[in-house]
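The values are calculated or read from the model by the stated rules, or taken from the named source; none is laboratory data. Worth saying up front: this structure is predicted, and the values here are computed from it rather than measured. Don't worry about glycine lacking a Cβ; one is built from the backbone with ideal geometry, like all the others, and counts go over all protein chains shown. The protein model used for the area step is the full one, side chains on, heavy atoms only, and it has no ligands, DNA or RNA in it. Shrake-Rupley method; radii C 1.70, N 1.55, O 1.52, S 1.80 Å.
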Amino acid sequence: MTVLLDAPTAKDTQVAGLLRLATAGSVDDGKSTLVGRLLYDTKSVLADQYEAVERTSRNRGLEQADLALLTDGLRSEREQGITIDVAYRYFATPRRRFILADTPGHVQYTRNMVTGASTAELAVILVDARKGLAEQTRRHTAVSALLRVPRVLLAVNKMDLVDFDKDRFAEIEADFAAYATALGIEHHAALPVSALRGDNVVEPSADLAWFEGPTLLEFLENVPVQTERRPAGRFPVQYVIRHQSADYRGYAGTIASGHLEVGDPIVVLPSGQRSTIAAIDLLGHPAERVTAGQAATLLLADELDVSRGDLIAPAEAAPAAVQDVVATVCHLSEKPLKVGDRVLLKHTTRTVKAIVKEISAKLDISDPLAAASSTAADAANAEADEFAWDDDAPTTHTLHANDIGRVVLRTASPILLEPYAADRETGSFLLIDPASGDTLTAGMSGDPLGVFS
């Protein structure tokens, strides 16, 4: 079997590290085709996969392979011609490794976009060059802003259907820049592509010679990733490792944010016990420093009572424990979330009981920034833009699937939840059904976009 995949070596892909990205876009804007094109042109497709796509395409009467079939892996998706779930794709180039979360475009699957973008460092949102910014474009951009995805890229697709018109691209680019800026997205950009033909996806296009920016792949390979968002380390303890014969006692986990070093004075929360980091084991080898995203084992200078769910943090920069939580949430489950519901709240490695005290507002996500969406000029002049919270909605005592709302929770015991605006990892949580164990809701502590103020 011939394999089209040319796997780069580990040395090759250490140049720019790992990029987590999420793709989103309206139905029929060509998202699946773009992702398929990206995988095919980067030689990330096995030969038998491509042959299956060719065969299916022929059965459908198509003259060439429909690359969208590479991403619509579920049979039901193929039958409907849409993406209905988050699909994670892994690929690599000689410069970088990628984890791509392909999220669905339908409005009823907004929760899936939240899931896919929650860990993304870049959101790639597609638009049809003929239609420009659609309601779903604004919705996906707003969700990206709400989740504080660090960078958002608008891929203006189907440029071939507007004769690669430079002015049309400039118009869409300006509208998007105004809207993204109004939402508080600091890092945003736009580039033209034709996913069907492959123009400016991996290779530059002669028809887009007027575009001075990079291809999509060049952008993905070079966009900077913010690997350390804060200096103060946060280490949720996942597992305690003991070896009595070797007198070894270490605390294993993945550092959520910041960094910790050997010799750092630390505090174990919520107990408040203090000690010093005596050693760090990183992938079986001693290390002097561990940074965000790395799995490690910490050894302390003192014998303390530490268990799963505890948080190790610098003694002089420790988070405060809270029991009353005000949060912005996206409800994920078909089972509604109601005031008075008793749930489990999972924050890092700690799970506590909680009750929903209040659901005070729902977000009109279909048009969260009406003032900014009219024209680029109007948006540029808009001031004090606010999300369209519907405080008077009759259903604010209940959140249904895909609703984004403002809730107040009370936990049975303290948690170390920090503002989501300051830290995505330690500012987020999940609500879980205590009876079934199903995930109900994804939450972001505080007011990520300043909508409460």
- Could you tell me whether segment 335-343 includes any residue that is within 31 Å of the chain's Cα centre (by Cα), at pLDDT 90 or above, under 23 Å from Gly250 (Cβ atoms) and not in a strand (DSSP E or B)? no
- Note on Ser307: of the conditions (1) assigned to a strand (DSSP E or B); (2) under 17 Å from Ile241 (Cα atoms); (3) open to solvent by 20 Å² or more (accessible area, probe 1.4 Å), unmet is (1)
- When you scan segment 280-293, how many residues do you find that are surrounded by 18 or more Cβ atoms within 10 Å (Cβ to Cβ) and part of a loop (DSSP other than H, G, I, E, B)? 1
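Scanning for something within 30 Å of Gly25 (Cα to Cα) and modelled with pLDDT under 95, does segment 229-238 turn up at least one residue?
Here is the first cut: in segment 229-238, the residues within 30 Å of Gly25 (Cα to Cα) are 229.
Next, from what is left, pick out any that are modelled with pLDDT under 95: 229.
Yes, segment 229-238 contains at least one residue that is within 30 Å of Gly25 (Cα to Cα) and modelled with pLDDT under 95.
Does Arg95 satisfy the criteria of being open to solvent by 50 Å² or more (accessible area, probe 1.4 Å), within 12 Å of the chain's Cα centre (by Cα), farther than 24 Å from Pro336 by Cα and not acidic (Asp, Glu)? Give the steps one after another, and end with the answer.
Working: open to solvent by 50 Å² or more (accessible area, probe 1.4 Å): yes; within 12 Å of the chain's Cα centre (by Cα): no; farther than 24 Å from Pro336 by Cα: yes; not acidic (Asp, Glu): yes.
In short, no.
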- Item | Checking Val201 against (1) touching a Ser or Thr at 6+ places or on another chain (Cβ under 7 Å); (2) in a helix (DSSP H, G or I), the condition it does not meet | (2)
- How many of the residues in segment 396-414 are at pLDDT below 95, surrounded by 19 or more Cβ atoms within 10 Å (Cβ to Cβ), of a type in the set (Val, Ile, Thr) and in contact with a Leu (Cβ under 9 Å, 6 or more places away or on another chain)? 2
- Message: With the requirement that a residue be assigned to a loop (DSSP other than H, G, I, E, B) and open to solvent by less than 10 Å² (accessible area, probe 1.4 Å), what does segment 122-145 give you?
- Response: Ala129, Gly132
- Message: Residues that are within 24 Å of Ala421 (Cα to Cα), open to solvent by 20 Å² or more (accessible area, probe 1.4 Å), of a type in the set (Val, Ile, Thr) and in contact (Cβ under 8 Å) with a residue 40 or more places away in the chain: does segment 262-279 have at least one?
- Response: no
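Going through Leu191, Leu196 one at a time, which residue ends up being over 21 Å from Asp302 (Cβ atoms) and in a strand (DSSP E or B)?
Values: Leu196 fails: in a strand (DSSP E or B).
Going through Leu191, Leu196 in turn, the sole match is Leu191.
Please go through segment 310-334 and pick out each residue that is part of a strand (DSSP E or B) and open to solvent by 40 Å² or more (accessible area, probe 1.4 Å).
Hits for segment 310-334 are Val322, Gln323, Asp324, Val326.
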- Those residues that are buried (at least 24 other Cβ atoms within 10 Å of the Cβ) and in a helix (DSSP H, G or I), I need them from segment 147-171; list them, please. Met159
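Sort out for me the helices (runs of 4 or more DSSP H) sitting completely within segment 1-85 that have 2 or more residues that are in contact with a Phe, Trp or Tyr (Cβ under 8 Å, 6 or more places away or on another chain), at pLDDT 80 or above and surrounded by 14 or more Cβ atoms within 10 Å (Cβ to Cβ).
Details: elements: 31-41, 47-59, 75-80.
It comes to 31-41.
Suppose we keep only residues that are in a strand (DSSP E or B) and open to solvent by 20 Å² or more (accessible area, probe 1.4 Å) within segment 347-362. Which one would you say is nearest to Thr254 (Cα to Cα)?
First, pick out the residues of segment 347-362 that are in a strand (DSSP E or B): 347, 350-362.
If we keep only those that are open to solvent by 20 Å² or more (accessible area, probe 1.4 Å) as well, we get 350-351, 353, 355, 357-358, 360, 362.
On the way: Arg350: 13, Thr351: 17, Lys353: 24, Ile355: 28, Lys357: 32, Glu358: 33, Ser360: 35, Lys362: 34 Å.
Ranking the qualifying residues of segment 347-362, first place goes to Arg350.
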- Scanning for something of a type in the set (A, V, I, L, M, F, W, C) and at pLDDT 95 or above, does segment 346-354 turn up at least one residue? yes
- Query: Which pairs do you get when a residue that is free of Cβ contacts under 8 Å to residues at least 40 places away in the same chain, found in segment 337-363, comes within reach of a residue that is open to solvent by 40 Å² or more (accessible area, probe 1.4 Å), reach meaning Cβ atoms under 8 angstrom, with the pair 6+ apart or on two chains?
  - Reply: Gly340/Ile355; Asp341/Ile355
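Only one residue in Thr181, Thr119 is open to solvent by 30 Å² or more (accessible area, probe 1.4 Å) and assigned to a loop (DSSP other than H, G, I, E, B), so which one is that?
Numbers: Thr181 fails: assigned to a loop (DSSP other than H, G, I, E, B).
The conditions single out Thr119.
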- Every pair of residues 6+ apart whose Cβ atoms lie under 9 Å, when the first sits in segment 195-206 and is closer than 10 Å to Asn157 by Cα while the second is assigned to a loop (DSSP other than H, G, I, E, B) and of a type in the set (Lys, Arg): Ala195/Lys158; Leu196/Lys158
- Note on the structure: In the set Ala421, Ala393, Ala371, Ala435, the lone residue that is modelled with pLDDT under 60, among the aliphatic types (A, V, I, L, M) and assigned to a loop (DSSP other than H, G, I, E, B) is Ala393
